[in-house]
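Trainee: Can you read through this structure? Questions will come right after.
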Amino acid sequence: MRVAEYVSHDAVGLAELVARGEAAPAELEAAAREAAQAVDPHLDAVVETWPSDDDPTPGSTPLSGVPFLIKDIGVSMSGRRTELGSRLAEGNVAAADSALMARFRRAGLVTFGRTAAPELAFSTTTEPVLYGPTRNPWDPERSAGGSSGGAGAAVAAGIVPLAHGTDAAGSLRIPAACNGLFGMKPTRGRVSMGPDADEVFNGLAVHGSVSRSVRDSAALLDLVHGPEPGDPYFAQQPSRPYAEEVTRHPGALRIGVLAQAWGGHRTTGPVTRALSRTVDLLESLGHRVDEAEVALGSDWDEFVTANAHLWTANLAASVDELATAFDRPIDSSTLEPTTLASYHYGRQVSGAQFVTALTVRNRTARSLARYFTDHDILLTPTLPELPVPLGTHTENAAELDGHGWLRRVFDHAPFSAAFNVAGTPAMSVPLTTDDATGLPIGMQFATDYGSEDRLFRLAGQLERALPWWGRTPGVWAGNCAGGVVATG
C-alpha cells in the first residue's frame, strides 16, 4: 500500500480494508513505517520503533490490523523500553504487559513504537532533554503540546491514524488542540491504570487517545474500557457502544460557554473569534447556548497549590523509586531543572497539606457536578492561545521552585485541569483554524461524570457539520514520495 492511500483512511477504515481482504496488516505497518521515516526527522515525535510481534485476526475487532503507537509513559509493553522521557529511567525495559497493553493487543492493534513525552509527563509541552523537542507539524518552530505531544504530532503528520496518550491536566486535549486532532479525556475509572498502579496523581490521570476522526477514538474506547480487579474507581458501563453514539443525534443540548478561564487568564483574539464561530455553529444546530458562570469550589491560587502538592508529592515518590531501581543519583545529571525543583518541593509536602489537597479535589468535583445539574455541556477554548514557539515554557524555568513550575504549567492551560480534578470527561474538537497563521484551534467540551456518550454524540454531529478531515499540516506523510516528505 502506498503512503498516500494509507493516510486517506482513518483507523476504522483501514481495519475495514483488512477485514475485506483488500489489505494485510503487514502492508499497513509497512506504510506506517515509511510515513514515519519520511516525516519524523522533521518532528521527533517517535522515540523508537521495533518489529511488531502481534498477528491480529482480520475482522475480529473494528481496529484489527491498524498500526499503533504507545506513549513513553503510563503503559508497559513486555520486552520494550519505557523511559518516561527521563535520563533517570533511560534503558528501562518492561518485564510484562500492563493491563492496558494487553487490551491493545486484544483490540488487534499493531503496536510498533513509542512516542515522545516530556520528562515524567511533567509539562504541557514535549521538549525533554533525553529526546529533544517534539515539533508541531503545522509549524515546526512551535510546540506540539504535552504531555502526549509525540502522539499528537505523529497522528497529525499521518504516521498513525490514532495513538495512545494520557491526561492528568489536559495532556491529551492540549496536543489535540495544538495539532488539529480530536482528543477525548475519559471519565475517571473508565480505563484501568493497573496493575502496577491503582491511580495516578490520586485519580487525576487517565488513559485515552488522540485521533483524526471521532469514530476512531470511540472505537478504541469501546475496546479498552472497563475495570480490572482491584481498581479503586468504577465508572458505570455505557448502555451501547461509543461507536454507535457517534452516529446518533445528540438532541438539543443546554450548553454553557466559559470564554475566560479561572484565575483571570485572558483568552487571545484568535481563540476568542474561534469560540464565537463555534457558538454560532452550535446555535445553528439547534442547541441552546448561554454564557456560563462556573465555580471551581476554591480560588485559583488554592486550586493550583492543591494540585502542586498532589503532583509533586507523587513525583517525589516516583523519582525515589526510579533512583533506587537504577542506582542513579537524583541530581542534574538525571533530572531536568524543573523536575528536580518539583522533586525537592514534593519531598517537603506534609501529610496535612496532602489531605487538604484532596479536600480541594472533592470541592472541585462537587462544584462542577452542581453546574451539570442545569447544563448538559460546558464549552471553553482548549487553550487560551495558539500553539506557542518552542522554548516558551522553559524560559527562565530554572529559577522556579516546584510550586512555581506547576503554576506555569496550569497557567498555560487553565481550562483543562479542573476536569481531571473532578474526574469528568472532556474532549477537544478541532473545529477551526486561525485565519492569519493557519494554525489549528481546539474547542473543549466537558460534561458530567460517566457521560462520554453525550460527548461522542455531539462530536459526531460537529464533525459532520464542519468536517476537518481535509485539513492537513505542512509536514504530512501524504506528501511523501520515495521516503522523503515535501513540507510547506
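The values are calculated or read from the model by the stated rules, or taken from the named source; none is laboratory data. No experiment lies behind these values; they were computed from the predicted model shown. Please note: Cβ atoms are built from the backbone with ideal geometry, for glycine as well, and neighbour counts cover all protein chains shown.
Trainee: Report the residue count in region 20-57 for those that are surrounded by fewer than 18 Cβ atoms within 10 Å (Cβ to Cβ), assigned to a helix (DSSP H, G or I) and of a type in the set (A, V, I, L, M).
Mentor: Counting residues in region 20-57 that are surrounded by fewer than 18 Cβ atoms within 10 Å (Cβ to Cβ), assigned to a helix (DSSP H, G or I) and of a type in the set (A, V, I, L, M) gives 2.
Trainee: Going by the structure shown, is Ala205 modelled with pLDDT under 95, on the phi < 0 side of the Ramachandran plot and not basic (Lys, Arg)?
Mentor: Values: modelled with pLDDT under 95: no; on the phi < 0 side of the Ramachandran plot: yes; not basic (Lys, Arg): yes.
Spelling it out, it is not the case that Ala205 is modelled with pLDDT under 95, on the phi < 0 side of the Ramachandran plot and not basic (Lys, Arg).
Trainee: Considering only helices (runs of 4 or more DSSP H) fully contained in region 310-420, which possess at least 3 residues that are farther than 30 Å from Pro140 by Cα?
Mentor: On the way: elements: 337-347, 351-371, 402-412.
It comes to 337-347, 351-371.
Trainee: Next question. Kindly indicate whether any position in region 87-109 is among the polar types (S, T, N, Q), touching a Ser or Thr at 6+ places or on another chain (Cβ under 9 Å) and within 26 Å of Pro175 (Cα to Cα).
Mentor: Keep residues of region 87-109 that are among the polar types (S, T, N, Q), which gives 92, 98.
Checking which are touching a Ser or Thr at 6+ places or on another chain (Cβ under 9 Å) leaves us with 92, 98.
Restricting the remaining residues to those that are within 26 Å of Pro175 (Cα to Cα) gives 92, 98.
Yes; the residues of region 87-109 include at least one that is among the polar types (S, T, N, Q), touching a Ser or Thr at 6+ places or on another chain (Cβ under 9 Å) and within 26 Å of Pro175 (Cα to Cα).
Trainee: Let me ask you something else. Over 30 Å from Thr392 (Cβ atoms), touching a Leu at 6+ places or on another chain (Cβ under 6 Å) and either part of a loop (DSSP other than H, G, I, E, B) or not charged (D, E, K, R) (or both): is that true of Phe68 in this structure?
Mentor: Values: over 30 Å from Thr392 (Cβ atoms): yes; touching a Leu at 6+ places or on another chain (Cβ under 6 Å): yes; either part of a loop (DSSP other than H, G, I, E, B) or not charged (D, E, K, R) (or both): yes.
Considered against the rule, which asks whether it is over 30 Å from Thr392 (Cβ atoms), touching a Leu at 6+ places or on another chain (Cβ under 6 Å) and either part of a loop (DSSP other than H, G, I, E, B) or not charged (D, E, K, R) (or both), Phe68 comes out as yes.
For every residue, the table says whether it meets (1) aromatic (Phe, Trp, Tyr); (2) out of contact with any Pro (no Cβ under 9 Å at 6 or more places or on another chain); (3) within 26 Å of Leu431 (Cβ to Cβ).
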{"residue": "Arg190", "(1), (2), (3)": "no, no, yes"}
{"residue": "Ala197", "(1), (2), (3)": "no, yes, no"}
{"residue": "Val206", "(1), (2), (3)": "no, no, yes"}
{"residue": "Arg212", "(1), (2), (3)": "no, no, yes"}
{"residue": "Pro229", "(1), (2), (3)": "no, no, no"}
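Trainee: Examine region 440-451 for a residue that is among the charged types (D, E, K, R), modelled with pLDDT of 95 or more and either surrounded by 24 or more Cβ atoms within 10 Å (Cβ to Cβ) or farther than 28 Å from Gly158 by Cα (or both), and state whether such a residue exists. Let's see the steps before the verdict.
Mentor: Let us first name the residues in region 440-451 that are among the charged types (D, E, K, R), namely 448.
From what's left, modelled with pLDDT of 95 or more: 448.
Those still in the list that are either surrounded by 24 or more Cβ atoms within 10 Å (Cβ to Cβ) or farther than 28 Å from Gly158 by Cα (or both) too: 448.
Checked region 440-451: at least one residue is among the charged types (D, E, K, R), modelled with pLDDT of 95 or more and either surrounded by 24 or more Cβ atoms within 10 Å (Cβ to Cβ) or farther than 28 Å from Gly158 by Cα (or both).
Trainee: I'd like the full set of residues that are small (Gly, Ala, Ser) and crowded, with 21+ Cβ neighbours inside 10 Å, limited to region 266-296. Full working, then the answer.
Mentor: The first filter runs over region 266-296 and keeps only residues small (Gly, Ala, Ser), leaving 269, 274, 276, 284, 286, 292, 295.
Answer for region 266-296, where residues must be small (Gly, Ala, Ser) and crowded, with 21+ Cβ neighbours inside 10 Å: just Ala274.
Trainee: For region 397-413, indicate whether the set of residues that are under 30 Å from Val360 (Cα atoms), modelled with pLDDT of 95 or more and of a type in the set (Lys, Arg) is non-empty.
Mentor: For region 397-413, residues under 30 Å from Val360 (Cα atoms), modelled with pLDDT of 95 or more and of a type in the set (Lys, Arg): present.
Trainee: Go through (1) touching a strand residue (DSSP E or B) at 6+ places or on another chain (Cβ under 6 Å); (2) buried (at least 18 other Cβ atoms within 10 Å of the Cβ) for Ile330 and report which single condition fails.
Mentor: Condition (1) is where Ile330 drops out.
Trainee: Still on this model: Take the conditions modelled with pLDDT under 95 and more than 22 Å from the chain's Cα centre (by Cα) and apply them to Gly264. Does it pass?
Mentor: Numbers: modelled with pLDDT under 95: yes; more than 22 Å from the chain's Cα centre (by Cα): yes.
Judged against the criteria, Gly264 is a match.
Trainee: Within the group Pro425, Pro430, Pro467, which residue is of a type outside the set (A, V, I, L, M, F, W, C), within 29 Å of Glu34 (Cα to Cα) and buried (at least 24 other Cβ atoms within 10 Å of the Cβ)? Give the steps one after another, and end with the answer.
Mentor: On the way: Pro425 fails: within 29 Å of Glu34 (Cα to Cα); Pro467 fails: buried (at least 24 other Cβ atoms within 10 Å of the Cβ).
It is Pro430.
Residues are listed down the side, and each one gets a yes or a no for (1) among the aromatic types (Phe, Trp, Tyr); (2) closer than 22 Å to Ala323 by Cβ:
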position: Leu69; (1), (2): no, no
position: Leu84; (1), (2): no, yes
position: Asn92; (1), (2): no, yes
position: Phe112; (1), (2): yes, no
position: Ala121; (1), (2): no, yes
position: Thr126; (1), (2): no, no
position: Thr134; (1), (2): no, no
